[in-house]
Amino acid sequence: MFIKILMLVIFFVVTIGIGIYSRNKAKNVNDYVLGGRSVGPWISAFAFGTSYFSSVVFIGYAGQFGWKYGLSSTWIGIGNAFIGSLLAWLVLGRRTRLMTQHLNARTMPEFFGKRFESQSLRIAGSIIAFVFLVPYTAGVYNGLSRLFGMAFNVDYRYCVIVMAILTAAYVVIGGYMATALNDFVQGIIMLIGICAVIGSVLAGQGGFLSAINKLSVIETDPTVTTKALADSKGLFASFFGPDPLNLLGVVVLTSLGTWGLPQMVHKFYAIKDEQAVKTGTVVSTFFAMVVAGGCYFLGGFGRLFGDKKGIINEVDGITKVAYDNIVPTMLSTLPDILIGVVVVLVFSASMSTLSSLVLTSSSTLTLDLIKPIVKKELKDKVQLRLMQIFVVCFIALSVIIAFNPPTFIAQLMGVSWGALAGAFLAPFMYGLYSKKITKISVWASYIFGVGFTIANVITSQNGNPIIASPINAGAFTMIVGLIIVPIVSIFTPKLDSKKVDNMFACYDIMVTVPEKENLGK
């Protein structure tokens, strides 16, 4: 217990110290929200990665999908690395940085408002972002609750309060730069921690080959096996697992979803220069491969612990799997020093995601809702104070929700990601590349993404969901959004061509580069 507490105290001191160090870099709105658009490559990459992966992935997703798909769940981590990180940086990174600076847009709703010349789009986007970031936050706390129940004999609510106070302190004091620097430190902890945990868990099963052998003889589970593979053997140790199609849905949601999440895309706004884009692309992909790949790989061995108390329960005569208890149960067998590392690892993942969520929400509420509604010029200092107040309010709201956490983390995150990415992904990506996207097509994406998600939640409560899995429902909203936006744009009025040409002029500015970056003739 002393080791675990000592590691947490050191972590807390470093976290607050970084917040105090960053306070001089958060004197105005631009610096507070974007770090002055001067964030270097490594910090940008780690900020992207740590915001991507929280306790939701480590505790919720790794446990649930590892149990359902076995080792093939590692594909989710691979998808996160190459689609959610590599392609996101290649497709969105540079263009996002250029156009958002050209339009002086500091948030995703503000980008929609200026790119499509619509204050109503901006306000609606801010409301969608705030409402659906709240359940994501609840999922982050829920993951933390499972871990602390395993590691400490203390009420989980105390942990929530401590985490909330710490996050509020360094975000209020240092803004984006404090968040980014802490993300860098927390990312290093996550990289080291996940490698140590995987090695120790496999060692406890007699090594990698022994663990694979044990997993391969587990009988097929009819509740998670597609009919075409019903008679197959060793599916949980196989390449594509027992249900490849549903696995694909998870890969799409958790990978492509980052392209439309405000707190993720926000990282591209703050990139310093071209070198930061190049290095950040490589580093964030490596980070995702290790952390996400490692989490899902670890979760793939979850069925080896199926005989442990608390994983399989009888409820009203029905056998149910407590997915969120799987990874904590796997970790409970580790030595105390490694449990301490895991606690700090998950605390790091949770705080980095939480800080990103609250900063995004507070800046969106201030810049995209309060400021347009007031309609008079707000002084820079007033906007800054409003954002700091909203940081505290958002964290307080998330604490209230955390005291009564929902059942399964993965479902909660699926609803949040499905609505946000379903509404924002298509218009944001197309808006960066095409001059033909219309205002009405953005409204269509908003309405479908949010409307379908809410309808699916309501019908699920009645026992007749449109799409049973919230994960697949989220993937569906994103894919349909990518189809709706260009089709609606064909049949609806275009924006003024001269104004749109001016927006895209930022891509055509000529620059001089060294010969080493240009082969010339």
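The values are calculated or read from the model by the stated rules, or taken from the named source; none is laboratory data. Note that the structure is a prediction, hence the values are computed from the model and not measured. Every residue, glycine as well, gets a Cβ built from its backbone with ideal geometry; the counts of neighbours run over all protein chains shown.
I'd like the full set of residues that are touching a residue at least 40 places away in the same chain (Cβ under 8 Å), assigned to a helix (DSSP H, G or I), more than 19 Å from GLY249 (Cα to Cα) and among the β-branched types (Val, Ile, Thr), limited to the stretch 436-483.
Selection gives ILE440, VAL442.
Would you mind telling me which numbered condition in (1) buried (at least 24 other Cβ atoms within 10 Å of the Cβ); (2) modelled with pLDDT under 80 ASN28 fails?
ASN28 satisfies all of (1) buried (at least 24 other Cβ atoms within 10 Å of the Cβ); (2) modelled with pLDDT under 80 except (1).
Could you list, in sequence order, the residues of the stretch 246-272 that are within 19 Å of VAL450 (Cβ to Cβ) and outside any helix (DSSP H, G or I)?
If the condition is that a residue be within 19 Å of VAL450 (Cβ to Cβ) and outside any helix (DSSP H, G or I), then LEU261 is the only one that fits.
Just give me the residues in the stretch 162-188 being within 11 Å of TYR32 (Cα to Cα) and not β-branched (Val, Ile, Thr), in sequence order. Talk me through it step by step, then tell me what you get.
Applying the first criterion (within 11 Å of TYR32 (Cα to Cα)) to the stretch 162-188 yields 171-179.
GLY174, GLY175, TYR176, MET177, ALA178 - these are the residues of the stretch 162-188 that are within 11 Å of TYR32 (Cα to Cα) and not β-branched (Val, Ile, Thr).
All but one of (1) surrounded by 23 or more Cβ atoms within 10 Å (Cβ to Cβ); (2) within 30 Å of GLN388 (Cα to Cα) hold for TYR69; state the number of the condition that does not hold.
Unmet condition: (2).
Which of the residues that make up the stretch 1-46 are outside any helix (DSSP H, G or I), of a type in the set (Ser, Thr, Tyr) and out of contact with any helix residue (DSSP H, G or I) (no Cβ under 6 Å at 6 or more places or on another chain)?
Hit for the stretch 1-46 is SER38, nothing else.
For a quick check of your reading of the model, give me the residue pairs whose first member lies in the stretch 25-44 and is on the phi > 0 side of the Ramachandran plot, whose second is among the hydrophobic types (A, V, I, L, M, F, W, C), with beta-carbon atoms closer than 7 Å and at least 6 apart or on different chains.
These pairs meet every condition: GLY35/MET177; GLY35/ALA180; GLY35/ALA270; ARG37/ALA270.
Between a residue in the stretch 188-215 that is on the phi > 0 side of the Ramachandran plot and any residue that is assigned to a helix (DSSP H, G or I) and among the basic types (Lys, Arg), which pairs come within a Cβ distance under 9 Å, given they are 6 or more apart or on different chains?
Pairs found: GLY206/LYS214.
The rows are residues; the columns are (1) buried (at least 24 other Cβ atoms within 10 Å of the Cβ); (2) not polar (S, T, N, Q).
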residue: PHE58; (1), (2): yes, yes
residue: TYR61; (1), (2): yes, yes
residue: GLY79; (1), (2): yes, yes
residue: ILE83; (1), (2): no, yes
residue: ARG95; (1), (2): no, yes
residue: MET99; (1), (2): no, yes
residue: ASN104; (1), (2): no, no
residue: THR107; (1), (2): yes, no
residue: LYS114; (1), (2): no, yes
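Out of everything in the stretch 294-311 that is closer than 16 Å to PHE58 by Cα and not in a helix (DSSP H, G or I), what residue ends up being farthest from the chain's Cα centre (by Cα)?
PHE301
I'd like the residue in the stretch 316-340 that is over 27 Å from the mean Cα position of the chain (by Cα) and within 18 Å of ASP221 (Cβ to Cβ) and, out of all such residues, is surrounded by the fewest Cβ atoms within 10 Å (Cβ to Cβ). Give the steps one after another, and end with the answer.
Start the filter on the stretch 316-340 by keeping residues that are over 27 Å from the mean Cα position of the chain (by Cα), which leaves 316-320, 333-337.
Adding the requirement that they be within 18 Å of ASP221 (Cβ to Cβ) leaves 318-320.
On the way: ILE318: 7, THR319: 9, LYS320: 11.
Once the filter is applied, the top-ranked residue is ILE318.
Residues checked against (1) assigned to a loop (DSSP other than H, G, I, E, B); (2) touching a Leu at 6+ places or on another chain (Cβ under 9 Å):
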| position | (1), (2) |
| --- | --- |
| GLU314 | no, no |
| THR319 | no, no |
| VAL327 | no, yes |
| THR333 | yes, no |
| ILE337 | no, no |
| GLY340 | no, yes |
| PHE347 | no, yes |
| THR353 | no, no |
| LEU359 | no, no |
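Every residue in the stretch 484-498 that is part of a helix (DSSP H, G or I) and surrounded by 11 or more Cβ atoms within 10 Å (Cβ to Cβ), please.
Matches in the stretch 484-498: ILE484, VAL485, PRO486, ILE487, VAL488, SER489.
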